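Here the structure is laid out as structure tokens; the discussion comes afterwards.
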Amino acid sequence: MTTTTGQEKNESRLPNPGVLVPELGQIGQAMYKATGNGSVPRATIGLVQLRVGQIVGNTYLTVLHTGNLRKAGETEERITGVASWQDAPYFTDAERAALALVEAVYSPDPHGERVSDELYARASAHYDDKALATLIMAIGQVGFFVPLALIGRPLAGVSPAEQWRD
């Protein structure tokens, strides 16, 4: 068994997990299809996924989702505003509810449950049941890949072929 320390910051710790576990590609495709059902705007999903990368402190996820948002035509103000979305003027009430859900899911709450009834009510005021389920899946979609990003440490900002060591 080969072990790697990942001491070199210019290479990932793992080789490409999609090669090691080919089923990973099918899972990723199924998640993308499920979250792309049209009930939640792709922009909202992208903002949510960027916020997850920021909260978990992962450059790979942050660069990936920032790039995806840029390619989709999002403004720099909205992209950079995600880090301080609570007081940034660039987001709709629905996007704010989605970002609040991300904060609740990924940030410990020492005073009780993470997703309060008030927050759920606020989100459900903007999203019907299908959209809310889709939004939850979008949060889970990026969450599924967080361990790969944190443990495997793929390289940020390079082509997918270059992200993982050989």
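The values are calculated or read from the model by the stated rules, or taken from the named source; none is laboratory data. This one's a predicted model, so the numbers in the text were calculated from it and none came from an experiment. Virtual Cβ from ideal backbone geometry, glycine too; neighbours counted across all protein chains shown. Ligands, DNA and RNA are stripped out before the accessible areas are found, and what is left, the full protein with its side chains, is counted by its heavy atoms. Shrake-Rupley method; radii C 1.70, N 1.55, O 1.52, S 1.80 Å.
Two decimals, Cα atoms only, Kirkwood Rh: what is Rg/Rh over the stretch 18-166?
On the Cα set of the stretch 18-166, Rg over Rh gives 0.96.
Solvent-accessible surface of the chain, averaged per residue with a 1.4 angstrom probe and all protein chains in place: 57 square angstrom. Per-residue packing, averaged as other Cβ atoms within 10 Å, sorts the ranges 86-92, 108-114, 9-15 into the order 9-15, 86-92, 108-114, beginning with the highest. Short to long, the 5 Å bins of the Cα pair-distance histogram for the stretch 1-102 hold 2, 11, 17, 20, 18, 12, 9, 7, 3, 1, 0 percent of all pairs. A straight Cα-to-Cα reach below 25 Å connects Lys33 with the lysines Lys71, Lys130, residues fewer than 8 places away in its own chain not being considered. Give me the Kirkwood hydrodynamic radius of the stretch 86-166, using the inverse of the mean 1/r over all pairs of distinct Cα atoms, in Å to one decimal. For the stretch 86-166, inverting the mean 1/r across all distinct Cα pairs yields 14.8 Å.
Protection proxy ranking of 124-132, 154-162, by the mean of other Cβ atoms within 10 Å over each peptide's residues and highest first, is 124-132, 154-162. Averaged over residues, the count of other Cβ atoms within 10 Å places the peptides 42-51, 64-73 in the sequence 42-51, 64-73, highest first.
Given a 1.4 Å probe and the protein chains as shown, Tyr120 ends up with an accessible area of around 110 Å². Dividing the mean sequence gap of close Cα pairs (under 8 Å, 6+ apart) by how many residues the stretch 48-166 holds gives a relative contact order of 34 percent. Val21 contributes an accessible area of around 80 Å² to the protein surface, as traced by a 1.4 Å probe with all chains present. Amide hydrogen proximity for Arg165: with H placed 1.01 Å from N in the peptide plane, the residues at 5 or more positions away or on another chain lying under 5 Å are Ser12, Leu14, Asn16.
For the Cα atoms of the chain, what angle does the longest principal axis make with the long axis of helix 42-55, in degrees from 0 to 90, nearest 10? In the chain, helix 42-55 runs at an angle near 70 degrees to the longest axis.
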